[in-house]
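These notes concern the structure reproduced below.
The values are calculated or read from the model by the stated rules, or taken from the named source; none is laboratory data. As the structure is a computational prediction, the values presented were derived from the model and not from experiment. Please note: Cβ atoms are built from the backbone with ideal geometry, for glycine as well, and neighbour counts cover all protein chains shown. Ligands, DNA and RNA are excluded from the accessible area calculation, which covers all protein heavy atoms including side chains. Shrake-Rupley method; radii C 1.70, N 1.55, O 1.52, S 1.80 Å.
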Amino acid sequence: MTEVLMQGRQISKSYQDGKNTTQVLQDISFDLHIGEMLAIVGSSGSGKSTLMHILGLLDSPDCGELHCRGDNLLQLSQAKAAAFRNEHLGFVYQFHHLLNEFSATENVAMPLLIGGCQPQRAKQKANEMLERVGLGHRLKHRPAELSGGERQRVAIARAVVNEPALVLADEPTGNLDQTTGDSVFGLLKELNQSLQTSFVIVTHDLQLASQLDRTVTLNNGLLVANESMTP
Ligand SMILES: Nc1ncnc2c1ncn2[C@@H]1O[C@H](COP(=O)(O)OP(=O)(O)OP(=O)(O)O)[C@@H](O)[C@H]1O
Ligand SMILES: [Mg+2]
């Protein structure tokens, strides 16, 4: 078994609405290994996005611990958490969240520039990554001038351009037709193999989930390991 990349322990999260408390996550614990691709499935409202926001340090749990390579992530200052996110994490959303007024190259170069990379070098690396996702012929296009699958590939290029240890993808293929979704998913697998990037992927597509290393289901606030789902 490979080394553990991220470790979550007894993570709980609830939302308070007047007198009502909604317990979304209850004592969630997990180990995510280096290079592992983990699928999270579960019905709508089961807390998948809530958990992803916590793993991405975009939201805090009520209690619990999250460790990554010796760092106690939930104890980091805001500035250190932002630096950790930029250096070690990549994000892919259901809707691409690209910056509309910027070209594909500029969108992909953004995390590099934020990380202090020299602009010419950032542009070069962004273009190399866009070539890898099959968009070498669309470098100057803005999101509005790209198809849905192309936009999602730009978003993936942006998520992995920093070579992060972990990519968090919340329904990365949810908004795409089956064929485009399959090709976007194939790209994630290829990047996983070549860069040893770990992935946590939220999906409603069980067939897609079954192609990952492991699947867990969120149900009533609990994270349940699925039995072997090899097709
Ligand atoms: N800011 C908030 N305030 C109150 N309740 C919230 C808030 N954010 C999420 N919730 C509730 O927490 C539950 C989990 O939401 P979450 O977005 O994590 O679900 P999900 O599993 O991602 O669902 P979907 O598959 O529809 O995306 C939902 O019942 C939702 O209404
Ligand atoms: Mg969600």
Around THR215, which amide H atoms from residues at least 5 apart in sequence, or from another chain, sit under 5 Å from its own amide H, with H modelled in the peptide plane? ALA39, ASN226
Quick check for you: with a 1.4 Å probe and neighbouring chains kept, what is the accessible area per residue of region 98-201, in Å²? 45 Å²
Just from the alpha-carbon atoms, what are the Rg and Dmax of region 155-229 in angstroms? 12.7, 36
For CYS63 and GLU87 in one chain, what is 0.36 nm times their gap in residues minus the Cα-Cα distance, to one decimal in nm? 6.2 nm
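How high is the FRET efficiency from GLN23 to HIS97, r the C-beta distance, R0 25 Å, rounded to 0.05?
Values: r = 29 Å, r/R0 = 1.14.
The formula returns an efficiency of 0.30 here.
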Between SER210 and SER14, how many nm apart are label points set 7 Å from Cα along the C-beta direction? 3.8 nm
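Helix-only mean residue ellipticity at 222 nm, the chain, DSSP H runs n ≥ 4 weighted -39,500 (n - 2.57), per residue, nearest 500. What is it? Kindly include the intermediate steps, with their values, before the conclusion.
Working: 7 runs with 79 residues, N = 231.
Only helices count here, giving -10500 deg cm²/dmol.
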Percentage of interatomic Cα-Cα distances in region 4-225 larger than 33 Å: 15 percent
Spelling it out for LEU76: with amide H atoms placed in the peptide plane at 1.01 Å from N, the residues 5 or more places away or on another chain with amide H under 5 Å from its amide H are none
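Taking the Cα centre of region 55-151 as origin and charging only Cβ (+1 Lys, Arg; -1 Asp, Glu), how large is the dipole, in debye to the nearest 20?
Details: 11 positive and 11 negative charges, 85 e Å.
Dipole size: approximately 400 debye.
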